Amino acid sequence: MSTGRTAGLRADCTADSEGRITFRLRPPSAARPRLVLALRPKQGRPEEKSHTLDLEPWGDAGEFRAVLAPAPRLAEGRWDAYLLRDPDAARERLRPGLRDLRALVDGAERDRTSPVAVRVPYATKDGFLAVRTWLRTAHAEAGPLDVTGTAMTVRARLHGAELSEGATVVLRLRGDKGTVRTFPVEPSSGRAVSRAVAWADLAVEAAGPRFWDAFVRPAAGAPLIRIGRILDDVADRKHVFVYPRVTAEEAALRPYFTVDNDLAVEVDALR
């Protein structure tokens with residue numbers, strides 16, 4: 001629950017390459033201030049998880065600081081930021097101030113071990129401060145996606161896993177786990193995946209839009225690893241990285257990134 005007292009209260013934050021986030025703010029008339037991160041529940045569900053950080057005086061200008069350490073790892077989702085002035089006070093929603101995310105820009109260049117944990121502070125659509133988190137056993141970071149009239153070339157680099165014999169790129173029809181398209185990839189590169197996928201192979205008949213989700217299976221029989229773009233400073237890329245529609249086999253197809261920054265392909269029948 002929040003009050004209207006923090007309509008203008010902003011928190012600056014700095015993220016480093018190890019997953020640490022430092023928050024700084026000047027809370028007015030706060031005796032024992034704390035910063036609360038609350039995991040946003042699914043619509044209609046109650047809040048279940050939160051993480052509380054002590055705000056300590058920092059410097060001589062009335063500023064307080066809280067540090068979110070790399071451990072413990074936060075569950076995957078969106079964590080809204082609040083100020084708690086004292087233990088008995090109501091939580092107050094914070095707005096974003098300066099966000100220094102420079103250390104995250106080239107995050108895809110570093111190899112990650114399992115589990116892959118990522119945190120990106122961002123401004124929500126309604127102007128508040130939140131932290132987007134991902135926590136996955138393994139991850140396939142999408143690289144440049146080449147789109148032509150006949151195919152798309154999927155490129156990715158594995159983190160927390162390596163390629164071996166029987167490795168494939170897998171497109172699975174959302175809502176129908178039994179419908180998949182598999183494309184073999186060479187395991188010699190160890191972590192790097194590059195594979196062309198023909199649009200004709202994905203042009204399914206449907207009354208409405210259908211969606212293929214993209215994965216890497218690093219070895220024969222191994223669990224699927226989601227392909228996405230999460231290792232940089234962009235918390236929401238669905239409306240930032242927009243690819244053209246292509247027609248094939250009486251269908252319109254378009255690759256895109258989901259609300260979770262995962263790679264997918266939308267298919268819609270031409271009418």
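Calculate, for segment 134-217, the solvent-accessible area per residue in square angstrom, rolling a 1.4 angstrom probe over the heavy atoms of the protein chains.
Dividing the accessible area of segment 134-217 by its residue count gives 45 Å².
When we measure straight from the Cα of LYS49, which aspartates and glutamates land under 16 angstrom away, once same-chain ones fewer than 8 places off are left out?
Once the sequence-local aspartates and glutamates are set aside, what remains near LYS49 is GLU76, ASP80.
Report the relative contact order of segment 89-134, percent, no decimals, based on alpha-carbon pairs under 8 angstrom and at least 6 residues apart.
Working: 39 pairs, mean separation 19.1, N = 46.
41 percent.
Could you give me the ³J(HN,Hα) list for segment 148-153, computed from phi with Karplus coefficients 6.51, -1.76, 1.60 and θ = phi - 60°, whole Hz, x at Gly and Pro?
With the stated coefficients, segment 148-153 comes to 10, x, 10, 7, 10, 9 Hz.
Using amide H atoms built 1.01 Å from N in the peptide plane, name the residues 5+ places from TRP58, or on other chains, whose amide H lies under 5 Å from its own.
Distant-sequence amide H within range of TRP58: GLU63, PHE64, ARG65.
Can you give me the distance in nm between label points at SER188 and GLU109, each placed 7 Å from the Cα along the Cα-to-Cβ direction?
So the label points at SER188 and GLU109 sit 2.7 nm apart.
If the only charges are +1 at each Lys and Arg Cβ and -1 at each Asp and Glu Cβ, what is the size of the charge dipole of segment 1-148 around the Cα centre, to the nearest 20 debye? Provide the component values of the computation, followed by the final result.
Values: 26 positive and 21 negative charges, 99 e Å.
For this selection, approximately 480 debye.
Counting other Cβ atoms within 10 Å, keep those with at most 12, restrict to DSSP loop, and tell me which trypsin sites (Lys or Arg not before Pro) in segment 1-103 are left.
LYS42
Any idea what the relative contact order of segment 176-235 is, in percent, if you count C-alpha pairs under 8 Å spaced at least 6 apart?
Dividing the mean separation by the residue count of segment 176-235 yields 17 percent.
How large is ³J(HN,Hα), in whole Hz, for each residue of segment 84-93 in order, when computed from phi with the Karplus curve 6.51 cos²θ - 1.76 cosθ + 1.60 and θ = phi - 60°, using x for Gly and Pro?
Calculated HN-Hα couplings, in order: 10, 5, 7, x, 9, 7, 7, 5, 10, 5 Hz.
Counting only residues 5 or more places away or on other chains, whose amide H sits under 5 Å from the amide H of ARG237 once H atoms are built in the peptide plane?
Counting only residues 5 or more places away or on other chains, the set is ASN261.
Please state the relative contact order of segment 101-259 as a whole percent: Cα pairs under 8 Å, 6+ residues apart?
24
For THR258 and LYS49, compute 0.36 nm times the residue count separating them, minus their Cα-Cα distance, and round to one decimal in nm.
72.8 nm
With a ≥ b ≥ c the root eigenvalues of the C-alpha gyration tensor of the chain, is it rounded (a/c under 1.5), prolate (a/b larger than b/c) or oblate?
prolate
Among the lysines, select those whose C-alpha is under 16 Å from the C-alpha of LYS238, and discard any that sit fewer than 8 residues away in the same chain.
Reachable lysines: LYS125.
Arranged from highest to lowest average of other beta-carbon atoms within 10 Å per residue, in what order do the peptides 190-198, 239-247 appear?
190-198, 239-247
Tell me, what HN-Hα J-couplings in whole Hz come from the Karplus equation 6.51 cos²θ - 1.76 cosθ + 1.60 at θ = phi - 60° for each residue of segment 59-69, using x for Gly and Pro?
Per-residue couplings from phi come out as x, 10, 10, x, 8, 10, 9, 10, 10, 8, 6 Hz.
The values are calculated or read from the model by the stated rules, or taken from the named source; none is laboratory data. Values in this document were obtained by computation on a predicted structure and should not be read as measured data. Cβ sites come from the backbone with ideal geometry, for glycine too, and all protein chains shown count toward neighbours. The accessibility values were calculated without ligands, DNA or RNA, using every heavy atom of the protein model including side chains. Shrake-Rupley method; radii C 1.70, N 1.55, O 1.52, S 1.80 Å.
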